[in-house]
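Enquirer: Okay, handing you the structure first.
The values are calculated or read from the model by the stated rules, or taken from the named source; none is laboratory data. Please read these numbers as outputs of a predicted model, since none were measured by experiment. So basically every Cβ, Gly included, is an ideal-geometry build from the backbone, and we count neighbours across all protein chains shown.
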Amino acid sequence: MTTRRNSRWLIRANAGIDALQFEDNIPIPEISGKQCLIRIEAASLNYRDIAMATDRYIWQVAKSFVPVSDGCGQIIAIGDEVNEFQVGDKVCMSFMQDHQDGIITPPIRASSLGSQRDGVLQHYGIFEETGLVCLPKHLTSVEGSTLPCAAVTAWNCLFGLHGKSLQKGEILLTQGTGGVSLFAIQFALAIGATVISTTSSPEKAKRLKELGVHHVINYQDDSNWGDTAKALSEDGLGVHHVVEVGGETTISQSISAVRPEGVISLVGFLGGKSASPTSFGLVQQKTCIVRGINVGSRKLFREMNSFLEDKGIKPVVSDRIFDFHSAKEAYHYMDQQEFFGKIVIKVD
């Protein structure tokens, strides 16, 4: 292990995508205790990675750090107290390394990879065994790298609130074709739910239908798409779950679409700020649940992986995969928002 040297990308928060800096020949520290040394094989981008580079992120980050939270790789060395894994195991990294189960506290939030702790856009990484989960047996490292943030977030949206899990025959409304929405679509279809999705592109609408989405609404053509989604429910009361990724600019439409006692999972802020934020009075009038989501625990990650294996679900990966030295190009590609499926950087 002492002969290995690391290569990595560093980012300075809010300095722009082109401020990504490549570093080579970095010494790798010795591991001990419950630490595992991972040879990272693939990393997957999320909108948060773009937001942190371009002054759009809403949470605190370190001044300079190794970016990207989502990765998959192989364990090549373990500390003398590691019990759950062996050398050779393929693993994914948990988004918040210290979030095992239960609520998110400030110290747990501070364990987020690729923001307050160094992320996975590097050839080697050292992680505690409690921050790792086994790669589902039917997935490749490229596919596995897409799971830690988007997939776990989608799983939490649909199945993380006790007593309010999406059920067979119920209706899910998703927005756009980002990672969280695509995973939510796949999970919902796998249990026999009805899915309504919005998009602005006829090409993406076609691909959504190919995935199995029952109804697609073009939000560019239909500014009242929330009412349209509500009308698509058989009883006219609205949808049971909404995965809300736009934030302030779209939440009013989600409230229009959801049925009484339905759940809106507030995930993202893609739409930016609204000049006229939605009143909480609308939530009270609809008697719906609006739930803030910040990814999910290691326990939820493991539950989701069992579901993926049982159903044979494979992530939707972008047709274009980038190599390690093209990280800046991958960032710019994601920022253009013209992709379909998760954007992956092959590291190893």
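Enquirer: Of everything in the stretch 82-110, what is under 22 Å from Trp9 (Cβ atoms), in a loop (DSSP other than H, G, I, E, B) and touching a helix residue (DSSP H, G or I) at 6+ places or on another chain (Cβ under 8 Å)? Give them in sequence order. I'd like the intermediate steps shown before the answer.
Expert: Let us first name the residues in the stretch 82-110 that are under 22 Å from Trp9 (Cβ atoms), namely 91-97, 110.
With in a loop (DSSP other than H, G, I, E, B) added as a condition, the list becomes 94-95, 97, 110.
Result: Ser94, Phe95, Gln97.
Enquirer: Something else about it: Among the residues of the stretch 166-176, is any under 27 Å from Ala327 (Cβ atoms) and outside the structural domain of Tyr333 (by TED's automatic domain parsing)?
Expert: At the first step, the residues of the stretch 166-176 found to be under 27 Å from Ala327 (Cβ atoms) are 176.
The next check asks that each one be outside the structural domain of Tyr333 (by TED's automatic domain parsing); those that pass are 176.
Yes, there is a match, as at least one residue in the stretch 166-176 is under 27 Å from Ala327 (Cβ atoms) and outside the structural domain of Tyr333 (by TED's automatic domain parsing).
Enquirer: For Ile11, only one of the following conditions fails: (1) among the β-branched types (Val, Ile, Thr); (2) assigned to a strand (DSSP E or B); (3) over 30 Å from Gly247 (Cα atoms). What is its number?
Expert: Failed condition: (3).
Enquirer: Also, quick follow-up: Of the numbered conditions (1) free of Cβ contacts under 8 Å to residues at least 24 places away in the same chain; (2) within 20 Å of Arg291 (Cβ to Cβ), Ile196 satisfies every one except a single condition; which is it?
Expert: Unmet condition: (1).
Enquirer: Suppose we keep only residues that are crowded, with 17+ Cβ neighbours inside 10 Å and within 18 Å of Val133 (Cα to Cα) within the stretch 308-348. Which one would you say is nearest to the chain's Cα centre (by Cα)?
Expert: In this case the residue turns out to be Pro315.
Enquirer: For the stretch 6-22, name all the residues that are at pLDDT below 95 and either surrounded by 21 or more Cβ atoms within 10 Å (Cβ to Cβ) or not assigned by TED's automatic domain parsing to the domain that holds Gly114 (or both).
Expert: Within the stretch 6-22, Ile11 is the sole residue that qualifies.
Enquirer: Mind listing just one residue for me: the one in the stretch 23-81 that is of a type in the set (Asp, Glu) and in a loop (DSSP other than H, G, I, E, B) and, of those, surrounded by the most Cβ atoms within 10 Å (Cβ to Cβ)? It would help to see each step written out before you state the result.
Expert: Filtering the stretch 23-81 down to residues of a type in the set (Asp, Glu) leaves 23-24, 30, 41, 49, 55, 70, 80-81.
After this cut, where a residue has to be in a loop (DSSP other than H, G, I, E, B) as well, the list is 30, 55, 80-81.
On the way: Glu30: 12, Asp55: 10, Asp80: 9, Glu81: 10.
The qualifying residue surrounded by the most Cβ atoms within 10 Å (Cβ to Cβ) is Glu30.
Enquirer: Can you give me the number of residues within the stretch 171-215 that are surrounded by fewer than 20 Cβ atoms within 10 Å (Cβ to Cβ) and assigned to a strand (DSSP E or B)?
Expert: 1
Enquirer: Has the stretch 282-291 got at least one residue that is assigned to a helix (DSSP H, G or I) and modelled with pLDDT of 95 or more?
Expert: Step one: filter the stretch 282-291 for residues assigned to a helix (DSSP H, G or I), giving 282-286.
Those left that are additionally modelled with pLDDT of 95 or more: none.
No: zero hits.
Enquirer: Just to be sure, is Lys164 under 30 Å from Asp235 (Cα atoms) and in contact with a strand residue (DSSP E or B) (Cβ under 6 Å, 6 or more places away or on another chain)?
Expert: On the way: under 30 Å from Asp235 (Cα atoms): yes; in contact with a strand residue (DSSP E or B) (Cβ under 6 Å, 6 or more places away or on another chain): yes.
Answer is yes for this residue.
Enquirer: Here is a further query. Given the condition surrounded by fewer than 17 Cβ atoms within 10 Å (Cβ to Cβ), modelled with pLDDT under 95 and of a type in the set (A, V, I, L, M, F, W, C), answer yes or no: does some residue in the stretch 264-277 qualify? It would help to see each step written out before you state the result.
Expert: Our first condition is that a residue be surrounded by fewer than 17 Cβ atoms within 10 Å (Cβ to Cβ); within the stretch 264-277, this holds for 271-277.
The next check asks that each one be modelled with pLDDT under 95; those that pass are 271-277.
Pick out the ones that are also of a type in the set (A, V, I, L, M, F, W, C) and you get 275.
Scanning the stretch 264-277 turns up at least one residue that is surrounded by fewer than 17 Cβ atoms within 10 Å (Cβ to Cβ), modelled with pLDDT under 95 and of a type in the set (A, V, I, L, M, F, W, C).
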